[in-house]
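**Student:** Here's a structure for you.
Each reported figure results from applying straightforward, stated rules to the coordinates on display, with no laboratory input. Note that the structure is predicted; figures quoted are calculated from it, not measured. Heads up, the Cβs are rebuilt from the backbone with ideal geometry, glycines too, and the neighbour counts pull from every protein chain shown.
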Amino acid sequence: PGRALEAREYELFVGGEFLSAGSKPSNYFARWFLPGTLAVRSFSAEGGPDGVALEWDFFSNVEMAGIAVRRRESGTQTEITATGDRLLDPSVRRYLDAGAHPGKTYEYVLALLRADSSEVVSDAVEATMPVPPLALRQNCPNPFRKNTSIEFSLSRRSRVILGIYDIQGGLVAIVRDRIYEPGIWREEWDGTDRRGRPAGSGIYFYRFEAEGRILARKMLLLR
């Protein structure tokens, strides 16, 4: 099962001692042709918080110029090369696809490129990216003097309002107010108020509203 193989094949040379009628034993090489799927000993993919982790192994006699990892979203026909324009070295046995999106299911294949620019393609493996829970993390750095990053995660598509408030509860700035897809996001506050003036030293709260919930954390600005 899986993706249909391309017409090209991979060569496997097997050496040994053979007997032919009326002759002495002789050593020579016999040639068989293996499709690309048989060149791959193992191939796996698993979704995680940082992306899809892929691992593979080849039979020791396989020779190639490089490896490309290709993926497509399940249910679509659009295929992209996850490794970009570059080829992975033939010695590489793992790759992290950090471009995969939470909640999506992908099919991956390995393309084994040969010196003559031909290629063979493995069977497909499938992985589903996990969806992170709704969360608001501590800003970094904290304390800070000018800029600080605020990271949050969404379990579903949602409008996000990220605001900065002073210790009296007054609104200082709106960092973001827009729609986000599920996943982990990071926004930056430059330490200025709604008029672009530098905020003074002190304790501030950042308020995060999304998915029908409100979360807040404290941070310290030092001028």
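**Student:** List the residues whose amide H sits under 5 Å from the amide H of Glu211, counting only those 5 or more places along or on another chain, with H placed 1.01 Å from N in the peptide plane.
**Tutor:** Placed amide hydrogens put Arg159 under 5 Å from Glu211.
**Student:** In whole angstrom, how far apart do the alpha carbon centroids of the stretch 83-122 and the stretch 159-201 sit?
**Tutor:** Taking the Cα centre of each part, the stretch 83-122 and the stretch 159-201 sit 39 Å apart.
**Student:** Further question on the same structure: Suppose the Debye formula is applied to equal point scatterers at every Cα of the stretch 141-180; what is log10 I(q)/I(0) at q = 0.17, 0.19, 0.23, 0.32 Å⁻¹?
**Tutor:** Debye intensities relative to I(0), on a log10 scale: -0.60, -0.72, -0.93, -1.12.
**Student:** Compute the distance in nm between two label points, each set 7 Å from the Cα along the Cα-to-Cβ direction, one at Arg178 and one at Ala65.
**Tutor:** 4.1
**Student:** Explain nothing, just compute: Karplus ³J(HN,Hα) = 6.51 cos²θ - 1.76 cosθ + 1.60, θ = phi - 60°, for every residue of the stretch 104-116 in order, whole Hz, x for Gly and Pro.
**Tutor:** These are the phi-based 3J(HN,Hα) values: 9, 10, 10, 10, 10, 9, 9, 10, 9, 8, 9, 4, 8 Hz.
**Student:** Starting from the Cα of Thr81, step 7 Å along the direction of its Cβ; do the same at Glu209; then give the gap between the two resulting points in nm.
**Tutor:** 4.7
**Student:** Please quote Rg/Rh for the stretch 80-190 to two decimal places, taking the Kirkwood radius as Rh and restricting both calculations to Cα atoms.
**Tutor:** 1.16
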